[in-house]
């Protein structure tokens, strides 16, 4: 792999001041020197419709192009009803369809998530890891960034103010860069 690692990030929330968007904003401030991070807004992605998966809307085509151009994926997920929010699952469905056109195939990925609850999106992140198996994605196992009581760590302007969480995000990004390089090395060597 030559040059910088290109990471594409997106949040599974459409809310302007979502805690997960705050995590991505913080990540933008601490991207390692050997990487770049672009954040994609899922707002324009319509509900998945198999009738048009072969001719997807422009917003979906743009999303898939961004995924393909990225070396790695960073997902910030809320947790709704013990699982992945519909917005995020919908985007993943579009990105991986139709059969044989999975833009996420082979991508290294890192997960982080914030919620006001005490589990900090643990269940949603584990459900995403289950999806990654069929998507043939390669999630970074550690460090895990599961932000509980997010309302106490993000201010009213949507800025992550919690130092420990910021440090964990920095470690996650460094880990994703190293993981992506390792995966690229394994791919180049055929192993």
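All C-alpha pair distances within the range 63-103, sorted into 5 Å bins from zero, spread as 5, 21, 27, 24, 15, 8, 1 percent across the bins. Between residue 62 and residue 81, what is the label-to-label distance in nm when each label sits 7 Å out along the Cα-to-Cβ direction? Between residue 62 and residue 81, the label points sit 3.0 nm apart. Using a Förster radius of 45 Å, what is the FRET efficiency between residue 53 and residue 126 based on their Cβ-Cβ separation? Nearest 0.05, please. Taking R0 as 45 Å, the efficiency between residue 53 and residue 126 is 0.95.
Every Cα-Cα pair of the range 5-189 was included, and the share exceeding 24 Å stands at 33 percent. In this simple spin-label approximation, residue 29 and residue 152 carry label points 7 Å from Cα along the Cα→Cβ vector, and these lie 2.0 nm apart. Look at the alpha carbon pairs under 8 Å that are at least 6 residues apart: their mean separation over the length of the chain gives a relative contact order of 26 percent. When shorter helices are ignored and each DSSP H run of at least 4 residues is given -39500 (n - 2.57), the per-residue value for the chain at 222 nm works out to -12500 deg cm²/dmol.
Here the range 90-142 yields Rg over Rh of 1.02, to two decimals, using C-alpha coordinates and the Kirkwood radius.
Rule-based calculations on the coordinates, nothing more; no lab input. Bear in mind the structure is a predicted one, so any value in this text is a computation, not a measurement. Here the Cβ is made from the backbone with ideal geometry for all residues, glycine too, and neighbour counts use every protein chain on show.
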